[in-house]
Structure formats: C-alpha cells, structure tokens
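Asker: Please find one structure pasted underneath; my questions will follow.
The values are calculated or read from the model by the stated rules, or taken from the named source; none is laboratory data. Keep in mind that what you see is a predicted model, and the values were worked out from it rather than measured. Positions of Cβ are backbone-derived with ideal geometry, glycine not excepted, and every protein chain shown enters the neighbour counts. Surface accessibility is based on the protein's heavy atoms, side chains included, excluding ligands, DNA and RNA. Shrake-Rupley method; radii C 1.70, N 1.55, O 1.52, S 1.80 Å.
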Amino acid sequence: RDRAGYHAGRPARRTCERLTPGRAQAVLGVPVDELVDRKVPLSDVWGSRVTDEAALRAALLDRLASVEPGRSDLVHAAARLLRTRGVAETARELAVGERRLRTLFGEAVGLSPKRFARVDRVRRVVARGRAGEWARLAAELGYYDQAHLIAEFRATMGVPPGAYVAGNLPPVTSC
C-alpha cells in the first residue's frame, strides 16, 4: 500500500508479518504488483490454508531460506540505498539501468522506487515525529522544507502530521 487506510470493524485475530522490500515476491511466489492495494488471503496466493501463527511463521521462514540470492537481494539493497539517494544514483551504484530497477522494484515491492522512497520517508516521520518538530525533521529526512514534509505526509496519511500526532484522523471505513 502506498496510502494509509483507517478502518473500523470487529476485532479479529489476524497475523501480520512484514517482509523487507524485495523479499515478498520470493516468499509469496507471485509478483507483488499483482497484490498492490488488495487484501488477499494467503490461501489464495499459496493455494493452501495456514491455520496458526507458528505454522505461518515456519512456512515463511522455509520459503525465505529457499530463496536464491539475486533479484531479491538487488531490490533489498536498492530499498536501503533509496533512503539516502535518488533513483538514478541507486541504479548506478547497483550497476543496473534505471528502467530495469523500476521493473524489478515494481514486481518485487509493488511500488516504483521513487514512490517507495516517499512512503518510507513518511514512515520515518510517523516513527520520529512530535508536534512542533516538523522543520527539524524535514531537514534531517531530506525534505526541501517543512511545507514539503507536510504535503507529502498529507498525501500519504490523509491528514497533516500535526493532526495525525493529535489523533485527528480521517473518518474510518469498514474493513
């Protein structure tokens, strides 16, 4: 997902595992761009049902251990580099063309490298942000200025960072 969603509904027992960028395609066995902005039961992807958290974790670890290095390592490295570099510089450092990087990244992450970098930067604002610190945080995270941080945050989270920190979130929708 590249935008926040705020949902209301019955509490349900769900297991969520977050895979680092570049690993999801290898573990799930399908291009991630086919799953973007969708909620898909794992049984639809794997063709079998995993019934408990321990079995899910074991199945994920088994699949991750069987992944051959290569494409997923390149995307994983690109995700790390995109925190401090642009797409062109990241592609050069990894010795691939920008178009190839965009293609691999889209299949493995479901977002373009540039969109991923924006979402990742907003995640860091969420993790580190406190009311009244937006200008300092904008400078630390590479935004042009505080207004740039606020605009990007609003586009991704649906509200400006001050409202988010204060708990003034958009209306919830049914999940």
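Asker: Quick test of the membrane-span-like rule: which DSSP H helices of the chain reach at least 30 Å along their long axis (C-alpha atoms) with mean Kyte hydropathy at least -0.5?
Answerer: TM-like helix candidates: nothing returned.
Asker: Could you work out the equivalent-ellipsoid semi-axes for the stretch 83-123, taking the square root of 5 times each eigenvalue of the Cα gyration tensor, largest first, in whole Å?
Answerer: Equivalent ellipsoid of the stretch 83-123: 17, 13, 6 Å, largest first.
Asker: Moving on to the next point. Taking 0.36 nm per residue of sequence separation and subtracting the Cα-Cα distance, how much length would be gained by fully extending the chain between Ala131 and Ala58, in nm to one decimal?
Answerer: Once the chain is fully extended between Ala131 and Ala58, it gains 22.2 nm.
Asker: So if I average 1/r over every pair of distinct C-alpha atoms in the chain and take the inverse, what Kirkwood radius in Å does that give?
Answerer: For the chain, inverting the mean 1/r across all distinct Cα pairs yields 18.0 Å.
Asker: Can you compute log10 of I(q)/I(0) for the stretch 39-136 with the Debye formula, treating each Cα as one identical point scatterer, at q = 0.12, 0.13 Å⁻¹?
Answerer: Values returned for q = 0.12, 0.13 Å⁻¹ are -0.58, -0.66.
Asker: Then there is this: Considering only protein heavy atoms, what per residue accessible area in square angstrom results for the chain with a 1.4 angstrom probe? Before the final figure, lay out each step's value.
Answerer: Values: 10800 Å² over 175 residues.
Spelled out: the 1.4 Å probe surface of the chain, per residue, equals 62 Å².
Asker: Can you tell me which of 29-38, 108-117 comes out highest on packing, and rank the rest after it, using the mean Cβ neighbours within 10 Å?
Answerer: Sorting 29-38, 108-117 by mean packing, highest first, produces 108-117, 29-38.
Asker: Of all accessible surface on the stretch 20-147 at a 1.4 Å probe, what whole percent is carbon and sulfur?
Answerer: 50 percent
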